[in-house]
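Undergrad: Pasting in a structure now, in structure tokens, and then I'll have a few things to ask.
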Amino acid sequence: MAIEFDTIAAISTPPGEGGIGIVRLSGDEALEIAEKVYKLGNKRLSDQPSHTIHYGNIYHPKTNEKIDEVMVTIMRGPKTYTREDIIEINTHGGVHVTNKVLQTVLGAGARLAEPGEFTKRAFLNGRIDLSQAEAVMDVIRAKTDKAMHNAISQLDGNLSQLIKNLRQEILETLAQVEVNIDYPEYDDVEEMTSQLLLEKAGEVKNHVERILETAQQGKILRDGLATAIIGRPNVGKSSLLNMFVRSDKAIVTDIAGTTRDVIEEFVNVKGVPLRLIDTAGIRETEDEVERIGVIRSKKEIEQAELVLLIFDQSQELTDEDFELLELTENKERLIILNKMDLIQKLDVDKLLEKVDPNSVISVSITENTGINEVENAIVDLFFEGKTGEKDATYISNIRHISLLEQSIQSLEEVIEGIELGMPVDLVQIDLTRAWDLLGEVTGDSIQDELITQLFSQFCLGK
Ligand SMILES: Nc1nc2c(ncn2[C@@H]2O[C@H](COP(=O)(O)OP(=O)(O)OP(=O)(O)O)[C@@H](O)[C@H]2O)c(=O)[nH]1
Ligand SMILES: [Mg+2]
């Protein structure tokens, strides 16, 4: 049985012109409100069966002004997105007309929904748990097939199931500990209980750690891998960006110092989304605009998760190149030797003294050679060739990652406590805390403000 809420309404399609616009209502009075504004002869929406769609018109209930010709979908709860009664009014897809229909239903008694409020109701009415609700946004925002697949799997409840199993394991252990303490059958019950706690805490911890191992990949799939293209002026940084995005996004000229500002583009490299950042070539310069660009480039290096460091192999290595090698020393990086179509002057042996030979790739961007190797190397660096795995559950949400990390900490405290010979009831507190923390992932144990804050990040009408 759904909890009783007021009836909300919002435009669920993106703002702008399109084939149709959808105004969605959810709540006990959805049907009643729709009936006030809908007209087609003597037809009554409330007489119609659930999950059916009806042609008709929307009229202003007071002025009788005709607003639009529409199709109205009736879906009675509980088999709906929110588990409440839902009405969807398909209008002509214009900004003004959809707004006008929305205003009309608001005038007829609905309240304007907050961002994410439909999904929040699906959660509050128990149709999905919190990690599934969060996955809805990830599905909407997914930038590659793989990211979408991962979000869908979370929406299906795969992560929830893993978490539920672990919590169940903890709960059973806690119960067993209680029984041991309350009804000690054997003399060595203290010893047995400690042993049980040690074992179970270790098992659960291992499991959580394995889930967390997918976190780095999961986060990349969700947010994109921040990838900075770095190098001296004129080595071909912007050319590489253009090659990846397959269009002339960045200006390319043979004048050193062409790129002055940081350019950012999303690209899909064999299923891995990259947030590709083209930067100003780094060199000492008197030019004020270029100088600011160089400072920004250095900042981009700091923030990048991956650095593509480009050299022009038709030129000898300079002090600036060595400075760049040093600046990026502690970063995940690939060294790209560009312009292999020209005569080679770069001393590769000297370069190899400074870098891992496996990270060096020769390319010619203008001739389109070696690019496939660069792509493969990126995938290997972060996924060790595993992007093909279909059924791995990648954990990607920062909130989940942090909760899992905290739960590992609590489990470690359980283990330490026992090893130090602490009383069982103190150790139990840490184990209960791990149980609570895991419950926050699925929303089983979570505070109201947090829920409000989480759903406020959703799109309007979702
Ligand atoms: N021969 C040859 N020329 C290339 C290759 N890649 C890029 N270029 C040329 O090198 C010049 C500089 O390319 P850009 O992509 O603008 O270089 P950049 O690193 O972005 O330069 P700044 O923005 O000035 O730092 C252009 O004339 C490109 O056409 C290549 O593989 N071979
Ligand atoms: Mg450039």
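The values are calculated or read from the model by the stated rules, or taken from the named source; none is laboratory data. Being a predicted model, the structure only gives us computed values, none of them experimental. Cβ placement follows ideal geometry from the backbone for every residue including glycine, while neighbour counts extend to all protein chains displayed. Keep in mind that these areas ignore ligands, DNA and RNA; they rest on the heavy atoms of the full protein, side chains included. Shrake-Rupley method; radii C 1.70, N 1.55, O 1.52, S 1.80 Å.
Undergrad: Provide the per-residue ³J(HN,Hα) series for the range 46-54, in order, calculated from phi with Karplus coefficients 6.51, -1.76, 1.60 and θ = phi - 60°, each as a whole number of Hz, with x at glycine and proline positions.
TA: Per residue, the Karplus-derived 3J(HN,Hα) values read 5, 7, 8, x, 6, 6, 10, 10, 9 Hz.
Undergrad: Okay, next question. Report the gain in length on full extension from LEU450 to GLU320: 0.36 nm times residue separation, minus Cα-Cα distance, nm rounded to one decimal.
TA: 41.9 nm
Undergrad: Per residue, how large is the accessible surface of the range 147-202? Use a 1.4 angstrom probe and give square angstrom.
TA: Each residue of the range 147-202 exposes 58 Å² on average to a 1.4 Å probe.
Undergrad: Pop a pseudo-label 7 angstrom from the Cα along the beta-carbon direction at both GLU17 and GLU209 and give the gap in nm to one decimal.
TA: The answer from the label model is 5.9 nm.
Undergrad: Give me the percent of the accessible area of the range 1-86 that comes from carbon and sulfur atoms, probe 1.4 Å, all protein chains in place. Before the final figure, lay out the partial values.
TA: Numbers: 2510 of 4700 Å².
Whole-percent figure for carbon plus sulfur exposure: 53.
Undergrad: Heavy-atom accessible area of ASP436 with all protein chains present, probe 1.4 Å, nearest 10 Å²?
TA: The value for ASP436 is about 60 Å².
Undergrad: Taking a 1.4 Å probe, which of VAL252, VAL177 shows the most accessible area, and what order do the others take after it? Can you show the working numbers first?
TA: Working: VAL252 75, VAL177 0 Å².
These residues rank, largest area first, as VAL252, VAL177.
Undergrad: Pull up all non-local amide H partners of GLY231: gap of 5 or more, or a different chain, and H-to-H distance under 5 Å with H placed in the peptide plane.
TA: HN-HN under 5 Å from GLY231: ILE282, ILE310.
Undergrad: Another question about this same structure. Averaged per residue, what accessible area in Å² does the range 224-388 show with a 1.4 Å probe, protein chains only? Display every interim value, and only then the final one.
TA: Details: 8120 Å² over 165 residues.
Per residue, the range 224-388 has 49 Å² of solvent-accessible surface.
Undergrad: In the range 107-257, what percent of the accessible surface is made up of carbon and sulfur (1.4 Å probe, ligands and nucleic acids excluded)?
TA: C and S atoms contribute 50 percent here.
Undergrad: When you count, for each residue, the other Cβ atoms within 10 Å and take the mean per peptide, how do 358-365, 13-20, 32-39 rank with the highest first?
TA: 32-39, 358-365, 13-20
Undergrad: Just to confirm a number: summing +1 for Lys and Arg and -1 for Asp and Glu over residues other than ASP28 whose beta-carbon lies under 14 angstrom from that of ASP28, what do you get?
TA: Numbers: positive: ARG76, ARG83, ARG111, ARG121; negative: GLU4, ASP6, GLU29, GLU32, GLU35, GLU84, ASP85.
Computed value for this residue: -3.
Undergrad: How high is the relative contact order of the chain? Use alpha-carbon pairs under 8 Å, at least six apart in sequence, and give a whole percent. Mind dumping the intermediate values first?
TA: On the way: 823 pairs, mean separation 75.3, N = 462.
Relative contact order for the chain comes out at 16 percent.
Undergrad: Could you list which residues have their amide H under 5 Å from that of HIS92, counting only those 5 or more apart in sequence or on another chain, with H placed in the peptide plane?
TA: For HIS92, the qualifying residues are GLY21, GLU69.
Undergrad: Say the cut-off is 21 Å between C-alpha atoms; which of LYS249/LYS462; LYS237/LYS298; LYS100/LYS462; LYS143/LYS219; LYS39/LYS66 go over it?
TA: LYS249/LYS462
Undergrad: Right, next: When the Karplus curve 6.51 cos²θ - 1.76 cosθ + 1.60 is applied with θ = phi - 60°, which whole-Hz ³J(HN,Hα) does each residue of the range 364-374 get, with x for Gly and Pro?
TA: Computed from phi, the couplings for the range 364-374 are 10, 5, 5, 9, 6, 10, x, 5, 4, 5, 4 Hz.
Undergrad: Then there's this: Would you please report the Å³ per residue occupied by the convex hull of the alpha carbon atoms in the chain?
TA: 206 Å³
Undergrad: Can you put VAL70, VAL289 in order of accessible area, largest first, using a 1.4 Å probe? Walk me through the numbers before you get to the answer.
TA: On the way: VAL70 5, VAL289 80 Å².
The most accessible residue leads, giving VAL289, VAL70.
Undergrad: Counting only heavy atoms of protein chains, what accessible area per residue, in Å², does the range 8-128 have with a probe of 1.4 Å?
TA: The answer is 47 Å² per residue.
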